[in-house]
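A quick write-up on the structure given underneath.
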Amino acid sequence: MDLSIDQKKVLGSLIGWFKGKNSQYVTLGGYAGTGKTTLISVLRQKLDKKLKVAFCSYTGKASQVLKRKLRENKSQQENDSVGTIHSLIYSPIINSKKEITGWKKKDELDCDLIIIDEASMVDGQIWEDLLSFRVRIIAVGDHGQLSPIRGKFSLMANPLLKLNRIHRQAENNPIIKLSILAREKGQIPVGNYGQKVMKIKKGEVETEERIVDLLGNYQKDCLVLCGYNRTRIRLNNFIRNSLGFESASPIIGDRLICLRNNHKVGIFNGMLGTVLKIKQKNEDWYEAELEMDEEIDTYKGLLLMEQFNKETGLNFSKDRRKTLKGDLMDFGYALTVHKAQGSQAKKVILFEERFSKMDDETWRRWLYTAVTRAEKELVIIGR
């Protein structure tokens, strides 16, 4: 694999860091299309094949994508592992019925190096747990994305190493082109940019008809993104009605999104899943079972009824104490861009919505983050 000049420079720095054995970790930031995964693949080829390298990502889907790319580049070695951060550092607690009732941090890890992909999603608690194993870490992420919506911890706020130049293989990708416009200009003009990549003008009759058609044909491999929570609720209800869900309450087949980390049961903020079973336990809680996207284990637990179709998360309200008996989820057909960080989909439908108090830099990051959630198809609705 041919590397660009900046990739070669960063590769040398990473090899030097690993041989130097000074700091426990190093952070690498790279924009979409700069070849982060290519660089990591080449790095693995340069390191001793006998080393045990644990590749990991925040979500199951991201780890599957990483595994596929490593195999395509013939970089994964016999002793290496690829999976989620959660499966790497936590062990399941199993009861007498062989059911998983929780998770606990492992005593030690059998690896020489951890390489984290999508590291911008790692929260403070997980990062502390990772560091506690005293294993060296390379954290890789996109430093052009939004910072975490809550809390001050962000691995990618100021990465030590950076990739800024778009790799030549990505230069003609229309989604990458739009991501550059978003990141540098904060504005994407109305128009067609490639097959199934476009921006259409909000408010026109043809656009409204197109929106009804797009949302009415919602599929699981689509992300519908917006800015405001009130817009998210309207979109969720419209899509559910289009799909024939007549109940205002979640039912079997509904798509849900997790709104709060629960390390004990292995679910995290932003994870999506499909309802397999659900029933009302009492006046406050549902008993539910979900198949979480790209995860092996199903989720079983209590979901707070009051959280559904709420504009704000009850985890950060005066009612937080009563939320601790179970988990917080909501309908997950449409998401805010902040909630979609760490997720990607074949198709993205984006409703541009800028908050009145959002400065230009934050807006550029918001738009860039939204655009880069799309893998192949992107429709933006805006002005």
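The values are calculated or read from the model by the stated rules, or taken from the named source; none is laboratory data. None of these values were measured; they are calculated from a predicted model. For neighbour counting, all protein chains shown are included, and Cβ atoms are generated from backbone atoms with ideal geometry for every residue, glycine included. Side chains are part of the model used for accessible areas, which takes the heavy atoms of the whole protein and leaves out ligands, DNA and RNA. Shrake-Rupley method; radii C 1.70, N 1.55, O 1.52, S 1.80 Å.
Given the Cα-Cα distance of residue 79 and residue 91 and 0.36 nm per residue of separation, how much length would full extension add, in nm? Write down the numbers at each step before the final one.
Working: separation 12, 0.36 × 12 = 4.32 nm, distance 1.98 nm.
Extending this stretch completely gives an extra 2.3 nm.
For the stretch 101-166, the list of trypsin sites (Lys or Arg not before Pro) that fall in a loop by DSSP and count at most 11 other C-beta atoms within 10 angstrom reads 134, 152. Leaving out ligands and nucleic acids, note down the accessible area per residue over the stretch 108-208 with a 1.4 angstrom probe, in whole Å². Each residue of the stretch 108-208 exposes 54 Å² on average to a 1.4 Å probe.
For the stretch 202-259, which trypsin sites (Lys or Arg not before Pro) are both in a DSSP coil and crowded by at most 13 other Cβ atoms within 10 Å?
Those satisfying the criteria are 220.
Annotation for residue 187 and residue 131: the two label points, set 7 Å from Cα along the Cα-Cβ direction, are 4.2 nm apart. Taking 0.36 nm per residue of sequence separation and removing the Cα-Cα distance, the residue 165/residue 362 pair yields an extension gain of 68.8 nm. Expressed as a fraction of 2.2 N^0.38 Å, the C-alpha radius of gyration for the stretch 4-107 is 1.27. In percent, rounded to a whole number, the relative contact order of the chain is 19, using alpha-carbon pairs under 8 Å and six or more apart. In this structure the stretch 256-334 gives 50 Å² per residue of accessible area when probed at 1.4 Å with all protein chains present. Within the same chain, aspartates and glutamates fewer than 8 places from residue 325 are excluded, and of the rest, those with a Cα less than 18 Å from its Cα are 283, 284, 287, 289, 306. Here the accessible area of the chain is 46 percent carbon and sulfur, with a 1.4 angstrom probe and all protein chains present.
Just how many % of Cα pairs in the chain lie over 28 Å apart, if you round to the nearest whole percent? Don't skip to the answer; put the middle values down first.
Numbers: 34874 of 73153 pairs.
Tail fraction, whole percent: 48.
The helix-only estimate of mean residue ellipticity at 222 nm for the chain, built from DSSP H runs of length n ≥ 4 each weighted as -39500 (n - 2.57), is -8500 deg cm²/dmol after division by the residue total. Modelled label positions at residue 322 and residue 210, each set 7 Å beyond Cα in the direction of Cβ, lie 4.5 nm from each other.
Which loop trypsin sites (Lys or Arg not before Pro) in the stretch 1-40, with loop taken from DSSP, have no more than 12 other Cβ atoms within 10 angstrom of their Cβ? Intermediate values should be presented prior to the final figure.
Working: sites: 8, 9, 19, 21, 36; in loops: 21.
Here the sparse-neighbourhood loop sites are 21.
In the P(r) worked out for the stretch 91-178, what percent of Cα pairs fall beyond 20 Å? Display every interim value, and only then the final one.
On the way: 2106 of 3828 pairs.
Counting every Cα pair in the stretch 91-178, those more than 20 Å apart make up 55 percent.
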